[in-house]
């Protein structure tokens, strides 16, 4: 891992394009200046490098500046269970707050950089800036809600529904960050997607091929294009947020 200083003005939280995900809305300029002192270092990771491991003491939480990371948990039989994929602006390490030790392992899926937020310094600053603490609670709530929805999907959705919902969720998260939402590269492998969704890799490959044959997507290796968003939302059993009135097929 390559550690760098964040002293440059362009690296400050106050001018970061991802501030909408990390910073409280409407925070005062004086409090924003204090937050700028919170992130003093960043770490650059190459693909496959580990940011932290299960059982490591919680010294910091991390905000993804660019790139993609996965979090996974080692099962007793030696397998690794993927429990999350993390995009720019998202926070890692929150699972270590409860007992002071990280409960997962975070690994870069591509060249990535994260901001280091020293947890003790954050707690001190949150006591001084209540709105910062409220924002942190919102982030925790958002993470908990996402985990609950994922667990619900594992228990109630068919394989094709889970995969369609996964692609749509990834599309929405990319769009929120200003990236192209209907055409992107999958930074995670099919093995990792299968682990996250509780699906065998053969099933993931078969479902992607079926989606392509049905005209829902185009896919070439890891590059994917979402062709029929309405069809994907219908398959996933989700409402299309772009439409106020759901489209229903017309009977022949």
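The values are calculated or read from the model by the stated rules, or taken from the named source; none is laboratory data. Small disclaimer: the values here were computed from a predicted structure and weren't measured. Glycine gets a Cβ as well: all are built from the backbone with ideal geometry, and neighbour counts include every protein chain shown.
Of all residues in segment 115-124, those satisfying the criterion of being within 10 Å of residue 38 (Cβ to Cβ), part of a helix (DSSP H, G or I) and under 25 Å from the mean Cα position of the chain (by Cα) are 121, 122.
Entry remark, segment 36-72: residues being more than 16 Å from the chain's Cα centre (by Cα), in a strand (DSSP E or B) and closer than 27 Å to residue 191 by Cβ number 5 in total. Counting only residues that are touching a helix residue (DSSP H, G or I) at 6+ places or on another chain (Cβ under 6 Å) and surrounded by 18 or more Cβ atoms within 10 Å (Cβ to Cβ), segment 191-217 holds 8 of them. The combined condition, being outside the structural domain of residue 48 (by TED's automatic domain parsing), more than 15 Å from the chain's Cα centre (by Cα), crowded, with 18+ Cβ neighbours inside 10 Å and under 17 Å from residue 241 (Cα atoms), is fulfilled by residue 226.
Which of the residues belonging to segment 73-83 are surrounded by fewer than 19 Cβ atoms within 10 Å (Cβ to Cβ) and either under 18 Å from residue 150 (Cα atoms) or within 13 Å of the chain's Cα centre (by Cα) (or both)? Within segment 73-83, 73, 80, 81, 83 meet the criteria. Residues of segment 161-188 that are more than 19 Å from residue 209 (Cα to Cα) and more than 15 Å from the chain's Cα centre (by Cα): 180 alone. The C-beta contact set for segment 73-86 (first residue within 18 Å of residue 171 (Cα to Cα), second residue exposed (fewer than 10 other Cβ atoms within 10 Å of the Cβ), distance under 7 angstrom, 6+ apart or interchain) is empty. The residues on offer are 32, 92, and the sole one that is at pLDDT below 95, within 25 Å of residue 125 (Cβ to Cβ) and within 20 Å of the chain's Cα centre (by Cα) is 92.
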